[in-house]
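The values are calculated or read from the model by the stated rules, or taken from the named source; none is laboratory data. Everything quoted here is computed from the prediction, not taken from an experiment. Note: ideal-geometry Cβ built from the backbone for every residue, glycine included; neighbour counts use all protein chains shown. Areas reflect the complete protein model, heavy atoms only, side chains present, ligands, DNA and RNA absent. Shrake-Rupley method; radii C 1.70, N 1.55, O 1.52, S 1.80 Å.
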Amino acid sequence: MDLFESDYITVTGKINAADHIIENYSDFGWTLTERRDDKLYCDVTHMSFTRPHFIENKDELQLMQVRLEIAYNAAGKYSHKTVSRAVALGNLAGFIAILLTVGGVLLMLCEALLSYIFGPVLCAVGVAEAVVGELIAYRVYKADKKKYSLLIKQESQKIQSLCKRARELRGVNE
């Protein structure tokens, strides 16, 4: 392995995006030399690439590769954000519903007359809060999915544009 004739890079990504990453990095002149799955995380893979050190338009390719990586990271962030607010809201709604329902059950175990009236009411409020909270969480999820799908699509278009320009710089036609 001659360290002065080739450049080396290792990229870590999700397994379901690995083929896409390999294809896009090849547009920048990189050749996959090794791919191995992560030992700790089952949905992560590590890809090692190499390319000749002396290539035409290397500076511009490097700059565009940085932009490619920024677009990949942004798309990944948006993908994560698609569900994060809905999950947090759903968990909060579920927790409050459990507290209300358990409080109602505990109130019914008391020997006072008002306990028999307010206990079932509190349980009913807990169940209603669970249903309404989860419906609200679902609506938040749908809104976030619409918003972030559009942003992911924009990042994907940036990625396609960068890869096309990289192929042009390298004189590679599809």
Kyte-Doolittle mean at least 0.5 and Cα extent at least 30 Å along the axis: which DSSP H helices of the chain qualify?
58-109
Roughly how many nanometres apart are two label points built 7 Å out from the Cα toward the Cβ at F54 and A17?
3.6
Percent relative contact order for the stretch 33-174, counting Cα pairs under 8 Å at least six residues apart, stands at 30
Options [x] 1.30; [y] 1.07; [z] 0.98 for Rg/Rh (Cα atoms, Kirkwood Rh); the value derived from the coordinates is listed as [x]
Relative contact order (%) - the stretch 1-90, alpha-carbon pairs under 8 angstrom, separation at least six:
30
Under the rule of -39500 (n - 2.57) per DSSP H run of 4 or more residues, summed and divided by the residues of the chain, what mean residue ellipticity at 222 nm is obtained, to the nearest 500 deg cm²/dmol?
-25500 deg cm²/dmol
Taking all protein chains in place and a 1.4 Å probe, what share, in percent, of the accessible surface of the chain do carbon and sulfur account for?
62
Keeping every protein chain present and rolling a 1.4 Å probe, give me the accessible area per residue for the chain in Å².
67
